[in-house]
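Here the structure comes first, spelled out in structure tokens, and everything after it is commentary.
Laboratory data are not the source of any read-out in this text; all were calculated from the coordinates shown. For clarity, every value in this text was computed on a predicted model and none was experimentally measured. Neighbour counts run over all protein chains shown; Cβ positions are idealised from the backbone, glycine included.
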């Protein structure tokens, strides 16, 4: 900093008028202008790219993957189920999503598929969610069929589609029965509308 | 280009931007002008990262802490984004002060820039408001207690203090309403005000321009773009790199979840408010409001009146010696107070190491407490006995609080921001307070001899296994700290549930308890200070401990379970030609030399054995599992 010839000069709003250095169209002036412009743009771009990439990772982070925890849910008793019998078993399970775990009410359809006259259990457990559009379907006792009220898909008790737009049979859930006749099920939700089972959450 | 022209024709945006960028800077671009734009950059960074944090954060007592932990631990880039916000906040406060100090030293607040200075002073207050409200949002102990103290200080303001405190807290106490209020203020109200004021600040800046030093007046004018902009951008990039490195190297802190009952937590505000925290210690009692209200109020009044008081027109640094000196003093005081508040020992609160306890004095303190001469146990629990209003003090001595501090705390808890605990200064003699302080410092550190007057050692009690059980279950003797008995207690030492199975004589057990080292067991503490009646009772109880004998193997039941498909082994495995093909053939599994434990662990968690296909059977009742294992172990034999 050179010594100023006017150390006590004052400054008004307009300020003193000086020649504008870089407004002169010299070649040197232009390259310097460009270089400074480039520094500005590169600095801004570096910040924007780093924050942009990290933010994008951060924002899409939870949207893939299968939420919830895989575990056995004790559903209820299947003791004394007769061959061909259909039961709706309700239960309460812990549903985990992100940082919260809540108690939710669920139910499954259980069918004893053992041949007539047999005293043993041969169970099939269905997810109650229609594989067409994700509605909850009902059991029609008279017809011995499952029927979805949303788009009229019908399923035989064996799970196969016998009418309507459903693209795949009913979803079976893995299960276990202990010696007391208590049924445990692995709750799974599959993508609706797909011909194949695609697991989307527990 | 045509498109740009079209847009500019209709809106004038391009011309306006060009106009703004090509503003002339009298005396040319300078590095020393970067601080204002650096504050703006910090604000934009806070706004952007704040919006991203709001994607996941939820301001409720049940989820605030959990959502911040989720951001930190479960989300890709979450640690970095919160780190930017956390460190960016500190940098913003620092930059605001640097910017303000520079304006002050240069005398840039003077005519014609008074309005800019006033707006800037308002911006300073709002930035501090952001820092204060943001500090609570993670809802950890630091947040809770820092805000507790901060709002209490506001409550000391005469006349309006109580109203301000209640308004901020949404009631008398910190709770769910405080969190949503602070959230709304932090996310909507202050940012809205900041944006408006920043715009106003910039408009005024456009009107008045930079404050050129007299020494620069004769130098050529340069345009803002690109000459000054390149310097601003370079400095912002440098800031960004430093903040990013801090966010990565030293991630934002998240302590334990806020626990309003943990009054032993030492509240501390964010570092930039620490000086105020330290300052308060110099103004005890009713003088406190001088520091909490008086000094900040004076500071604000001085700030606001400054441009109207100082009407000098000198424009050289030499004429600003007083301002430079004053800024230096303020900086020094601020650094000094902050440093003092950060001294590791604390001002006499925490001793440097374990406190040397005067055992005789502590003994007297203990007798006062257990004879209920002092009502400590009405609220506090010590070694299993007492109330649960206050914190459990059983291991209080481990906090290394100095005896002098404890004496002052017991005499007048309100002085230490504890409004719940009653003061004992009036009802106890100083030496009694001292004894209690020594006793508190001894808890969990020194084992004091049991009292003669203890009802436990009264001669009327006879040694019995039942009394021994009570001693252990009521935790009067600390067996369950390390041992497990029938599922109760802490693992560490051996499980004593089946201690009686070895048929040890009770007298030998008594000797063992008195001095385990003699039986080459140096880890276990000695219990020779216990009265004989207690030792004998403990021994009698211990030798009586026997678990029920295990049931007979039941392979038939296991076979039935598998064949009936109640346990679906045969869905995948084959036994004697019967079953599925997915898993291995189990027909000879019993002859492969595995023990029961192996089967149990394998069935409960096949993954642990590298088998990720087989489902775990962890939820089977023990009897069912045992029957299945019994059956499997017979296969091939």
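How do the peptides B:429-439, B:495-505, B:179-189 rank, highest first, by the average count of neighbouring beta carbon atoms within 10 Å per residue?
Ranked from most to least packed, the peptides come out as B:429-439, B:179-189, B:495-505.
Pairing the Cα long axis of helix B:78-106 with the longest principal axis of chain B, what angle in degrees results, from 0 to 90 and rounded to the nearest 10?
Computed tilt is about 30 degrees.
Could you tell me the distance between the Cα centroids of the range B:3-21 and the range B:165-226, to the nearest Å?
When both Cα centres are located, 27 Å separates them.
On a C-alpha basis, how far is the centre of the range A:167-202 from the centre of the range B:234-257 in Å? Whole number, if you could?
First find each Cα centre; the distance between them is then 46 Å.
Taking 0.36 nm per intervening residue step and subtracting the Cα-Cα distance, what contour gain separates residue B:44 from residue B:466 on full extension?
Length gained between residue B:44 and residue B:466: 144.9 nm.
Take every residue in peptide B:20-28, count the Cβ atoms of other chains within 10 Å of its Cβ, and give the average of those counts.
2
Compute the FRET efficiency between residue B:423 and residue B:600 as 1/(1 + (r/R0)^6), taking r as their Cβ-Cβ distance and R0 = 56 Å, and round to the nearest 0.05.
E(calc), rounded to 0.05, equals 0.40.
Once you average over the residues of A:115-126, how many Cβ atoms of partner chains fall within 10 Å of each Cβ?
Average per residue, whole number: 1.
What distance in nm lies between label points placed 7 Å from Cα along the C-beta direction at residue B:302 and residue B:184?
For the pair residue B:302/residue B:184, the computed spacing is 3.6 nm.
Can you grab the distance from the C-alpha centre of the range B:295-334 to the C-alpha centre of the range B:531-594, Å, no decimals?
Measuring centre to centre over Cα atoms gives 83 Å.
Mind giving me the nanometre distance, one decimal, between the label points for residue A:96 and residue B:102, set 7 Å out from Cα along Cα→Cβ?
The modelled label-to-label distance comes out at 5.0 nm.
In percent, what relative contact order does chain B have, based on Cα pairs under 8 Å that are 6 or more apart in sequence?
RCO, chain B: 11 percent.
Relative to the longest principal axis of chain A, what angle (0 to 90°, nearest 10) does the C-alpha long axis of helix A:27-60 take?
Rounded to the nearest ten degrees, it is 20.
Among B:92-101, B:552-561, A:136-145, how do they line up from the highest to the lowest mean number of other beta-carbon atoms within 10 Å?
B:92-101, B:552-561, A:136-145
Just order B:109-117, B:138-146, B:4-12 by mean Cβ neighbour count inside 10 Å, highest at the front, would you?
Going from most to least packed, we get B:138-146, B:109-117, B:4-12.
Could you work out, residue by residue across B:229-241, how many beta carbons of other chains sit within 10 Å of that residue's beta carbon, and then give the average as an integer?
5
Normalising by the residue count of the range B:153-217, find the relative contact order in percent from Cα pairs under 8 Å and 6+ residues apart.
Relative contact order, the range B:153-217: 13 percent.
Compute the relative contact order of the range A:150-202 as a whole-number percentage, counting only Cα pairs closer than 8 Å that sit 6 or more residues apart in sequence.
For the range A:150-202, the relative contact order is 23 percent.
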